[in-house]
Amino acid sequence: MGKLSYKDKINLYKDKKSGLSTSSVSKKYGIRTSGVSYLVKLIDIHGFDVLRTNKNKVYIKYEKQEAIDRVLINNEPVWTVALDIGLPSDSLLQAWIKKYKEMGYNIVERKRGRPTMNKKELKPKKNVYLKAELEYSKKLRAVVQARKNQQQKKK
(Lines give C-alpha, C1' and ligand atoms only; values in the text may rest on other atoms or scores of the structure.)
Protein backbone atom coordinates (compact mmCIF):
# COMPACT_ATOMS: atom_id res chain seq x y z
CA MET A 1 0.00 0.00 0.00
CA GLY A 2 3.00 2.29 0.07
CA LYS A 3 2.34 3.75 -3.35
CA LEU A 4 -1.13 5.06 -2.49
CA SER A 5 -1.46 8.53 -1.01
CA TYR A 6 -3.68 9.31 1.93
CA LYS A 7 -6.37 10.70 -0.39
CA ASP A 8 -6.13 7.65 -2.67
CA LYS A 9 -6.74 5.36 0.29
CA ILE A 10 -9.79 7.34 1.36
CA ASN A 11 -11.14 7.40 -2.20
CA LEU A 12 -10.49 3.66 -2.54
CA TYR A 13 -12.48 3.04 0.64
CA LYS A 14 -15.35 5.24 -0.53
CA ASP A 15 -15.38 3.56 -3.97
CA LYS A 16 -15.57 0.12 -2.39
CA LYS A 17 -18.29 1.17 0.06
CA SER A 18 -20.32 2.75 -2.77
CA GLY A 19 -20.71 -0.68 -4.33
CA LEU A 20 -17.81 -1.09 -6.76
CA SER A 21 -16.41 -4.60 -6.95
CA THR A 22 -13.06 -5.41 -5.39
CA SER A 23 -11.54 -6.26 -8.78
CA SER A 24 -12.66 -2.96 -10.38
CA VAL A 25 -11.28 -0.96 -7.43
CA SER A 26 -8.09 -3.01 -7.66
CA LYS A 27 -7.66 -2.13 -11.34
CA LYS A 28 -8.51 1.54 -10.76
CA TYR A 29 -5.81 2.01 -8.08
CA GLY A 30 -3.30 -0.49 -9.44
CA ILE A 31 -3.04 -2.74 -6.38
CA ARG A 32 -3.90 -6.38 -5.71
CA THR A 33 -7.43 -7.36 -4.74
CA SER A 34 -6.11 -8.66 -1.40
CA GLY A 35 -4.68 -5.18 -0.78
CA VAL A 36 -8.06 -3.60 -1.42
CA SER A 37 -9.80 -6.04 0.93
CA TYR A 38 -7.18 -5.49 3.62
CA LEU A 39 -7.35 -1.70 3.42
CA VAL A 40 -11.16 -1.64 3.56
CA LYS A 41 -11.23 -4.00 6.55
CA LEU A 42 -8.46 -2.00 8.27
CA ILE A 43 -10.43 1.25 7.94
CA ASP A 44 -13.63 -0.50 9.08
CA ILE A 45 -11.89 -1.62 12.29
CA HIS A 46 -9.65 1.36 13.12
CA GLY A 47 -11.17 4.26 11.20
CA PHE A 48 -9.35 6.77 8.99
CA ASP A 49 -6.89 7.59 11.81
CA VAL A 50 -4.99 4.39 11.00
CA LEU A 51 -3.96 5.92 7.67
CA ARG A 52 -0.87 7.72 8.86
CA THR A 53 0.13 10.70 6.76
CA ASN A 54 3.26 11.62 8.71
CA LYS A 55 6.42 9.55 9.22
CA ASN A 56 6.35 5.77 9.26
CA LYS A 57 5.54 4.31 12.65
CA VAL A 58 8.40 2.58 14.42
CA TYR A 59 7.30 -0.59 16.15
CA ILE A 60 9.14 -1.47 19.34
CA LYS A 61 10.58 -4.90 20.02
CA TYR A 62 7.77 -5.83 22.42
CA GLU A 63 5.03 -5.07 19.87
CA LYS A 64 6.76 -7.14 17.21
CA GLN A 65 7.30 -10.06 19.60
CA GLU A 66 3.67 -10.00 20.68
CA ALA A 67 2.40 -10.06 17.09
CA ILE A 68 4.82 -12.81 16.04
CA ASP A 69 3.87 -14.93 19.06
CA ARG A 70 0.19 -14.62 18.20
CA VAL A 71 0.90 -16.05 14.76
CA LEU A 72 3.50 -18.71 15.61
CA ILE A 73 2.32 -19.85 19.06
CA ASN A 74 -1.42 -19.15 19.05
CA ASN A 75 -1.76 -20.11 15.35
CA GLU A 76 -3.77 -16.99 14.52
CA PRO A 77 -3.82 -16.00 10.83
CA VAL A 78 -1.29 -13.32 9.80
CA TRP A 79 -4.06 -11.29 8.17
CA THR A 80 -6.15 -11.22 11.36
CA VAL A 81 -3.25 -10.25 13.63
CA ALA A 82 -2.08 -7.52 11.22
CA LEU A 83 -5.59 -6.07 11.07
CA ASP A 84 -6.00 -6.28 14.83
CA ILE A 85 -2.85 -4.30 15.61
CA GLY A 86 -3.42 -1.86 12.72
CA LEU A 87 -0.43 -2.60 10.48
CA PRO A 88 -0.50 -0.82 7.10
CA SER A 89 -0.28 -4.23 5.37
CA ASP A 90 -0.12 -7.88 6.32
CA SER A 91 3.14 -8.24 4.38
CA LEU A 92 4.87 -6.22 7.12
CA LEU A 93 4.03 -8.89 9.69
CA GLN A 94 5.10 -11.61 7.25
CA ALA A 95 8.46 -9.86 6.88
CA TRP A 96 8.85 -9.68 10.67
CA ILE A 97 8.18 -13.42 10.96
CA LYS A 98 10.63 -14.24 8.17
CA LYS A 99 13.36 -12.11 9.77
CA TYR A 100 12.56 -13.59 13.18
CA LYS A 101 13.13 -17.12 11.86
CA GLU A 102 16.28 -16.10 9.96
CA MET A 103 17.78 -14.55 13.10
CA GLY A 104 17.36 -17.74 15.13
CA TYR A 105 14.05 -16.80 16.76
CA ASN A 106 15.40 -13.51 18.08
CA ILE A 107 14.09 -10.06 17.31
CA VAL A 108 16.93 -7.80 16.26
CA GLU A 109 16.17 -4.10 16.05
CA ARG A 110 17.46 -2.44 12.91
CA LYS A 111 19.85 0.38 13.66
CA ARG A 112 18.55 3.63 12.27
CA GLY A 113 20.35 6.74 11.16
CA ARG A 114 23.91 7.41 10.26
CA PRO A 115 26.57 5.63 12.31
CA THR A 116 28.56 7.86 14.62
CA MET A 117 32.20 8.54 13.87
CA ASN A 118 34.64 7.34 16.47
CA LYS A 119 36.92 10.26 17.42
CA LYS A 120 39.73 7.90 18.41
CA GLU A 121 39.85 6.51 14.88
CA LEU A 122 39.82 9.99 13.34
CA LYS A 123 42.81 11.43 15.22
CA PRO A 124 45.45 8.83 14.29
CA LYS A 125 44.53 9.08 10.61
CA LYS A 126 44.85 12.84 10.79
CA ASN A 127 48.19 12.62 12.59
CA VAL A 128 49.56 10.14 10.05
CA TYR A 129 48.49 12.42 7.23
CA LEU A 130 50.06 15.47 8.86
CA LYS A 131 53.33 13.61 9.52
CA ALA A 132 53.48 12.44 5.91
CA GLU A 133 52.82 15.96 4.68
CA LEU A 134 55.57 17.33 6.95
CA GLU A 135 58.08 14.71 5.72
CA TYR A 136 57.19 15.50 2.11
CA SER A 137 57.69 19.23 2.61
CA LYS A 138 61.07 18.63 4.33
CA LYS A 139 62.27 16.46 1.43
CA LEU A 140 61.00 18.99 -1.10
CA ARG A 141 62.89 21.79 0.65
CA ALA A 142 66.03 19.64 0.73
CA VAL A 143 65.77 18.97 -3.02
CA VAL A 144 65.19 22.66 -3.81
CA GLN A 145 68.14 23.63 -1.56
CA ALA A 146 70.38 21.02 -3.23
CA ARG A 147 69.56 22.44 -6.70
CA LYS A 148 70.33 25.97 -5.53
CA ASN A 149 73.68 24.80 -4.13
CA GLN A 150 74.55 23.07 -7.44
CA GLN A 151 73.67 26.20 -9.42
CA GLN A 152 75.85 28.36 -7.11
CA LYS A 153 78.81 25.94 -7.51
CA LYS A 154 78.54 26.11 -11.32
CA LYS A 155 78.81 29.89 -11.27
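The values are calculated or read from the model by the stated rules, or taken from the named source; none is laboratory data. The model shown is predicted, which means the values in this text are computed figures rather than measured ones. Glycine gets a Cβ as well: all are built from the backbone with ideal geometry, and neighbour counts include every protein chain shown.
From the list TYR59, TYR100, TYR13, the lone residue that is of a type outside the set (Asp, Glu), assigned to a helix (DSSP H, G or I), modelled with pLDDT under 90 and surrounded by 14 or more Cβ atoms within 10 Å (Cβ to Cβ) is TYR100.
Starting from residues that are of a type in the set (A, V, I, L, M, F, W, C) and buried (at least 18 other Cβ atoms within 10 Å of the Cβ), keep the ones in the stretch 16-39 and report whichever is farthest from LEU93 (Cα to Cα). So the residue we want is VAL25.
Mind telling me which of the residues TYR38, TYR105 ends up being aromatic (Phe, Trp, Tyr) and out of contact with any Phe, Trp or Tyr (no Cβ under 8 Å at 6 or more places or on another chain)?
Numbers: TYR38 fails: out of contact with any Phe, Trp or Tyr (no Cβ under 8 Å at 6 or more places or on another chain).
Just a single option satisfies the conditions, and that option is TYR105.
The single condition among (1) more than 30 Å from THR22 (Cβ to Cβ); (2) modelled with pLDDT of 80 or more that ARG70 does not meet is (1).
Summed over the stretch 64-84, the residues that are surrounded by 14 or more Cβ atoms within 10 Å (Cβ to Cβ) and closer than 28 Å to GLY113 by Cβ give a count of 5.
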